[in-house]
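Undergrad: Dropping a structure here in structure tokens format, bear with me for questions.
The values are calculated or read from the model by the stated rules, or taken from the named source; none is laboratory data. Note that the coordinates shown come from a computational prediction; the quantities given were computed from them, not determined experimentally. All Cβ positions, glycine included, derive from the backbone under ideal geometry; neighbour counts span all protein chains shown.
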Amino acid sequence: MHFNYLPSFVKRRGRITKKQIENIEELNKFSVSDFNDIKNISNDFKSSTIEIGFGDGENIISIAKENPETLFVGSEVYLSGIGSLIGKIKENNLSNIRIHNGDVRELLETIKAPIFESMLIICPDPWQKAKHHKRRLINLDFLALARSTLKKGGNLYIATDWDDYADGISEAVRVAEGYISSEDYPFNNFPVTRFQARAIREGRDIHKFNLKKI
């Protein structure tokens, strides 16, 4: 399958612990790869949410514990984060989290009908250099793709700690069709993630966007 977009991440192994490697060996127990996988599993839950770029899993674990009747699909490209999340799933004995390892757009392209009540994107890779801004995930094309997978009234929640990325998201949102800004957030309490905590320490604001599909 061919996709007309640039990679929004640099996939590298990075530092990975022995325990994370052991956990990754169990990835097949939690893995989803396409629409049919998600649809079949979602039949056992009242709603479905996807988090894109879950990092080490601190946010998805927190809200999955509070919402056991919701299926959470976490998409991530970094194996260390996947290993960490699998460990936390097992530690907390959670049955409502599934994992997609790879570019989330490859997964979203397989979605044949709206299936998610919400989509969460917290601190996506900012690609700080101006020449790399075209690699940022959030743009007009992505907003259209995301909308096609959300149910009517579903929420797209985005948070970034980079001012110029927030400016770009604002412009894309202004032009995008089929969304309105909403104060009706998909979940009441998001934990402050490690990336957000670092941004706050460094004096950066957290810019939040909550869009509802109309």
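Undergrad: Answer yes if at least one residue in segment 144-156 is part of a strand (DSSP E or B), of a type in the set (Lys, Arg), surrounded by 15 or more Cβ atoms within 10 Å (Cβ to Cβ) and in contact with a Phe, Trp or Tyr (Cβ under 9 Å, 6 or more places away or on another chain), and no otherwise.
TA: Kept after step one, since they are part of a strand (DSSP E or B), are these residues of segment 144-156: 150-156.
Cutting the leftovers down to of a type in the set (Lys, Arg) gives us 151-152.
The next check asks that each one be surrounded by 15 or more Cβ atoms within 10 Å (Cβ to Cβ); those that pass are 151.
When the remaining residues are screened for being in contact with a Phe, Trp or Tyr (Cβ under 9 Å, 6 or more places away or on another chain), the result is 151.
Looking through segment 144-156, at least one residue is part of a strand (DSSP E or B), of a type in the set (Lys, Arg), surrounded by 15 or more Cβ atoms within 10 Å (Cβ to Cβ) and in contact with a Phe, Trp or Tyr (Cβ under 9 Å, 6 or more places away or on another chain).
Undergrad: Does residue 65 qualify as being within 16 Å of residue 26 (Cα to Cα), part of a helix (DSSP H, G or I) and at pLDDT 95 or above?
TA: no
Undergrad: What pairs come out if I take residues in segment 189-207 that are free of Cβ contacts under 8 Å to residues at least 40 places away in the same chain and pair them with residues that are in a loop (DSSP other than H, G, I, E, B) and among the aliphatic types (A, V, I, L, M) whose C-beta lies under 9 Å away, six or more apart or interchain?
TA: 192/206; 200/192; 200/206
Undergrad: Can you tell me which residue in segment 39-57 is nearest to residue 95 (Cα to Cα), limited to those that are of a type outside the set (A, V, I, L, M, F, W, C) and in contact with a helix residue (DSSP H, G or I) (Cβ under 7 Å, 6 or more places away or on another chain)?
TA: Within segment 39-57, the match that is nearest to residue 95 (Cα to Cα) is 48.
Undergrad: While we're looking at this one, here's another question. Checking the condition touching a strand residue (DSSP E or B) at 6+ places or on another chain (Cβ under 7 Å), outside any helix (DSSP H, G or I) and surrounded by 15 or more Cβ atoms within 10 Å (Cβ to Cβ), which residue from 107, 71 passes?
TA: 71
Undergrad: Identify all residues within segment 13-53 that are within 22 Å of residue 70 (Cα to Cα) and part of a helix (DSSP H, G or I); write none if there are none.
TA: The answer is 27, 28, 29, 35, 36, 37, 38, 39, 40, 41, 42.
Undergrad: Here's something else I'd like to know. Among the candidates 121, 169, 138, single out the residue that is under 12 Å from the mean Cα position of the chain (by Cα), farther than 30 Å from residue 21 by Cα and either β-branched (Val, Ile, Thr) or part of a helix (DSSP H, G or I) (or both).
TA: After applying the criteria, what remains is 138.
Undergrad: Continuing with this model, one more query. What is the one condition in (1) more than 22 Å from residue 190 (Cα to Cα); (2) surrounded by 15 or more Cβ atoms within 10 Å (Cβ to Cβ); (3) at pLDDT 95 or above; (4) not aliphatic (A, V, I, L, M) that residue 8 does not satisfy?
TA: (3)
Quick grid of which residues meet (1) crowded, with 21+ Cβ neighbours inside 10 Å; (2) of a type in the set (A, V, I, L, M, F, W, C):
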site: 45; (1), (2): no, yes
site: 75; (1), (2): yes, no
site: 79; (1), (2): no, yes
site: 88; (1), (2): no, no
site: 100; (1), (2): yes, no
site: 113; (1), (2): no, yes
site: 118; (1), (2): yes, no
site: 121; (1), (2): yes, yes
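Undergrad: Right, next: Residue by residue through segment 39-76, note down the ones that are over 21 Å from residue 193 (Cβ atoms), more than 15 Å from the chain's Cα centre (by Cα) and touching a residue at least 24 places away in the same chain (Cβ under 8 Å).
TA: Once the filter is applied, which keeps residues that are over 21 Å from residue 193 (Cβ atoms), more than 15 Å from the chain's Cα centre (by Cα) and touching a residue at least 24 places away in the same chain (Cβ under 8 Å), segment 39-76 yields 39, 41, 42, 44, 45, 46, 47, 68, 69.
Undergrad: Does segment 157-166 hold any residues that are aliphatic (A, V, I, L, M) and not in a helix (DSSP H, G or I), and which are they? Spell out the reasoning first.
TA: As a first pass, look at segment 157-166 and keep what is aliphatic (A, V, I, L, M): 158-159, 166.
If the condition is that a residue be aliphatic (A, V, I, L, M) and not in a helix (DSSP H, G or I), then 158, 159 are the ones that fit.
Undergrad: Still on this structure, I have one more. I'm checking my understanding of the structure. Among residues of segment 89-104 that are assigned to a helix (DSSP H, G or I) and closer than 14 Å to residue 29 by Cα, which one is nearest to the chain's Cα centre (by Cα)?
TA: 89
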